[in-house]
Amino acid sequence: MTEIATSKVNFRDIDNILKSFDYNKSYLIAMLQKVQEVYRYLPEEAMTYIGEHVDGLSPATVYGVATFYAQFSLEPKGKYEIKVCDGTACHVRGSMPVLNAIRNKLNLKEGQTTCEGGLFSLEIVSCLGACGLAPVCVINDKVYPQMTSDAISTILDTLMKEEGVA
Ligand code: FES
């Protein structure tokens, strides 16, 4: 099941995921990872379904686990997942201006991680293991070294143009 589903939750797909783990609650994290692979986030209906169909779990337990681990997103991710490193090296070399430039460009309000229209989502991460290139951003799998607010704005402008939203 590699196809990205962005619309409604297909409970048959969720059930197939549960079946592949024998409805065993010990595999809850793996189940959630699979669901997130399909939907790019954890839809509430999917978490409720898991909580109601796996013995020993409840929707509240599933929600609790999903919110505990940073790897899980309860909001849909964008087509372009932007990660900005705010580890020590990146912070010292100016990750905050880069982050602010992204927020401005995407019109992200406080606490909002995915832009209107769903094209971009933003995540702040700690060290990406490329401190020599600080400050570092990653968009999907592409690493952008030595970012500045101007450079990231240009990159986003280019992507927006390609997507016909600029
Ligand atoms: S602190 Fe940003 S890559 Fe290490």
Going by the structure shown, is residue 6 within 30 Å of residue 117 (Cβ to Cβ), modelled with pLDDT under 95, part of a helix (DSSP H, G or I) and not charged (D, E, K, R)?
-> no
Hey, any hits in region 113-123 for a residue that's touching a Lys or Arg at 6+ places or on another chain (Cβ under 9 Å) and among the charged types (D, E, K, R)?
-> yes
Which residues, counting only those in region 117-142, are within 15 Å of the ligand (Cβ to nearest atom) and in a loop (DSSP other than H, G, I, E, B)?
-> 126, 127, 128, 129, 130, 134, 135, 136
Residue selected from region 57-98 under the condition among the basic types (Lys, Arg) and assigned to a loop (DSSP other than H, G, I, E, B), by the criterion farthest from residue 142 (Cα to Cα) | 93
Being closer than 24 Å to residue 144 by Cβ, outside the structural domain of residue 152 (by TED's automatic domain parsing) and surrounded by fewer than 19 Cβ atoms within 10 Å (Cβ to Cβ), is that true of even one residue in region 94-113?
-> no
Of 148, 154, 114, the only residue that is more than 19 Å from the chain's Cα centre (by Cα) and either under 24 Å from residue 70 (Cβ atoms) or within 15 Å of the ligand (Cβ to nearest atom) (or both) is 148
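The values are calculated or read from the model by the stated rules, or taken from the named source; none is laboratory data. Computed from a predicted structure; not experimentally measured. Quick reminder, even Gly has a Cβ in these numbers, built from the backbone with ideal geometry, and neighbours come from all protein chains shown.
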